[in-house]
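Visitor: Here it is, the structure in full.
The values are calculated or read from the model by the stated rules, or taken from the named source; none is laboratory data. The shown structure was predicted, so the numbers you read here are calculated from the model rather than taken from an experiment. Every residue, glycine among them, receives a Cβ derived from its backbone with ideal geometry; neighbour counts consider all protein chains shown.
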């Protein structure tokens with residue numbers, strides 16, 4: 001879904017998807033700044049320097065896809 | 001609750017066609033519940049969460065089908081069909097107030113699926129979609145109810161094939177009052193041509209006329225309801241004029257609800273307020289709406305709706321005599 005095509009980011013997404021205990025914790029971060037910080041921290045643990053602007057851009061893309069979804 | 005796995009707490013947010021393939025976007029819902037008047041309000045909130053902006057999952061329908069095998073969801077105990085602006089949302093909110101029920105009110109993913117051709121929208125996929133949306137969200141959840149979009153009355157055969165024997169109700173109202181409501185705040189089905197995805201091809205005379213188109217769609221819905229009552233068992237006709245009392249009596253009996261110990265005071269709090277503007281008190285407004293009907297609405301009602309309404313009323317009253 002995200003437009004960050006970096007394999008390291010894809011690996012991070014996959015590892016989050018595969019870890020149910022993270023879903024609730026990250027989902028409950030309703031403030032975008034807190035959420036982005038948490039995701040970047042998880043990336044850092046995996047040795048991946050995830051840029052804040054890239055996360056924001058990807059979140060924007062995800063939001064746009066929701067808004068532009070078609071009913072058919 | 002289902003055992004924790006990688007998709008625990010995830011639900012289908014929306015369906016779309018990408019690269020000519022049916023695609024499902026899953027979003028995390030966690031412990032949130034469908035408590036808004038419409039599913040879409042809840043889905044909108046979920047989609048706005050940072051997590052679901054960045055980390056939605058995409059899959060084909062295969063994952064939906066596969067997951068339904070292991071997580072079949074709550075049993076569907078009742079379906080609410082309706083003609084719009086007739087008290088059906090009040091009925092859905094009343095069901096939502098039950099301590100053991102999940103209510104899916106006009107879920108958009110189902111609307112999308114029902115417009116897709118087979119095999120994408122076959123019976124098994126419809127069941128699998130409701131299984132994914134209708135997972136228990138509290139320890140006490142035991143049963144699922146579906147309130148469809150009003151135009152889904154034309155899909156009742158498909159839905160009853162997917163969920164055979166499920167009790168269903170058709171909520172309706174004096175069509176003059178319904179049209180007055182749509183004149184003030186038009187529904188989606190007033191957009192000419194908006195129902196073609198559901199197999200409804202409007203006659204030319206309403207193609208440039210939104211209220212006329214709406215009246216024609218309502219005529220199709222009411223006619224389908226009458227035919228469904230003759231074709232299927234387990235149907236109940238409920239007129240707006242019987243609300244809210246009939247929820248606790250007729251609807252509860254029809255859906256097999258045991259209200260003892262469920263707190264009828266709490267349920268009556270729901271029926272005492274407006275279903276879509278929950279800070280506002282609910283009060284029947286038939287007289288006000290009938291008084292507001294102009295000549296155009298009366299003409300449209302005569303042209304498209306009176307006959308169907310009278311036939312439904314005959315069926316309802318005959319049934320009451322028969323049971324009474």
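Visitor: Report yes if residue B:5 is without any contact (Cβ under 8 Å) to a residue 24 or more places away in the chain and part of a loop (DSSP other than H, G, I, E, B), otherwise no.
Guide: yes
Visitor: Could I ask something else about it? Of the residues B:104, B:13, which is assigned to a strand (DSSP E or B), within 8 Å of chain A (Cβ to nearest Cβ), touching a residue at least 12 places away in the same chain (Cβ under 8 Å) and closer than 20 Å to residue B:149 by Cα?
Guide: Matching residue, one of B:104, B:13: B:13.
Visitor: Exactly one of these conditions fails for residue B:27: (1) in a helix (DSSP H, G or I); (2) within 13 Å of chain A (Cβ to nearest Cβ); (3) touching a residue at least 24 places away in the same chain (Cβ under 8 Å). Give me its number.
Guide: Unmet condition: (1).
Visitor: Consider residue B:34 against the criteria (1) within 14 Å of chain A (Cβ to nearest Cβ); (2) part of a loop (DSSP other than H, G, I, E, B): it satisfies all of them except one. Which criterion is unmet?
Guide: The one condition residue B:34 does not meet is (1).
Visitor: Next question, about the same structure. Take the conditions at pLDDT below 90 and exposed (fewer than 13 other Cβ atoms within 10 Å of the Cβ) and apply them to residue B:258. Does it pass?
Guide: The answer is yes for residue B:258.
Visitor: Another question, if that's okay. Test of understanding: among B:46, B:74, which residue is modelled with pLDDT of 95 or more and either within 14 Å of chain A (Cβ to nearest Cβ) or in a strand (DSSP E or B) (or both)?
Guide: Just a single option satisfies the conditions, and that option is B:46.
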